[in-house]
1. Only one of LEU10, LEU18, LEU5, LEU14 is touching a residue at least 40 places away in the same chain (Cβ under 8 Å) and over 12 Å from the mean Cα position of the chain (by Cα); which?
2. Considering GLU37, GLU58, which residue is among the acidic types (Asp, Glu), crowded, with 20+ Cβ neighbours inside 10 Å, assigned by TED's automatic domain parsing to the domain that holds MET1 and closer than 17 Å to ASP9 by Cβ?
3. Can you pull out the residues in segment 98-129 that are loosely packed, with under 15 Cβ neighbours inside 10 Å and of a type in the set (A, V, I, L, M, F, W, C)?
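The values are calculated or read from the model by the stated rules, or taken from the named source; none is laboratory data. As the structure is a prediction and not an experimental result, all values here were calculated from the model. As a convention, Cβ positions derive from the backbone with ideal geometry for all residues, glycine included, and neighbour counts pool all protein chains shown.
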Amino acid sequence: MDKALTFYDLDAQLSKELYEAYPQNVSFKNGLAISYEKLGETHSALGNLDKALTFFEEYSRFNTELYEAYPQNVSFKNGLAISYWKLGDFNRKQSKIEQARKYFQAAEKHWAELANAFPAYIQFSQYLDIVKKDLANL
């Protein structure tokens, strides 16, 4: 995990440099968001919970900005739902049940809309089922 953290740190640094040099490039912004997600997951696995939360919040912030700028982009909407689910899961593990509920409900809303709009894309329904179970188990 320590080695993974080293590589994810480097990826985030490079992604941040690209995004700062070309802020109009949506792919660079999305790449930076994804690097923050990976850092959050890795710090969480290593027990660095304060750092993990910071990266998950940044991941969610970037996904919110991307979705608000491009609301018709299905990938950005799904990314936002994933970021909410990750924050919900993180808060649940920290026994912050009301915070977890808030994030899970936000993820549920987006995945329900996606599953309804794209019924052939089974992954949205699968994600929706997962978050519904998470809410029921709180």
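1. It is LEU5.
2. Numbers: GLU58 fails: crowded, with 20+ Cβ neighbours inside 10 Å.
It is GLU37.
3. ALA117, PHE118, ALA120, ILE122
Every residue, every condition in (1) charged (D, E, K, R); (2) touching a helix residue (DSSP H, G or I) at 6+ places or on another chain (Cβ under 6 Å), yes or no:
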{"site": "LEU5", "(1), (2)": "no, yes"}
{"site": "GLN13", "(1), (2)": "no, no"}
{"site": "ALA21", "(1), (2)": "no, no"}
{"site": "LYS38", "(1), (2)": "yes, yes"}
{"site": "PHE55", "(1), (2)": "no, yes"}
{"site": "TYR67", "(1), (2)": "no, yes"}
{"site": "PRO71", "(1), (2)": "no, no"}
{"site": "VAL74", "(1), (2)": "no, no"}
{"site": "ARG101", "(1), (2)": "yes, no"}
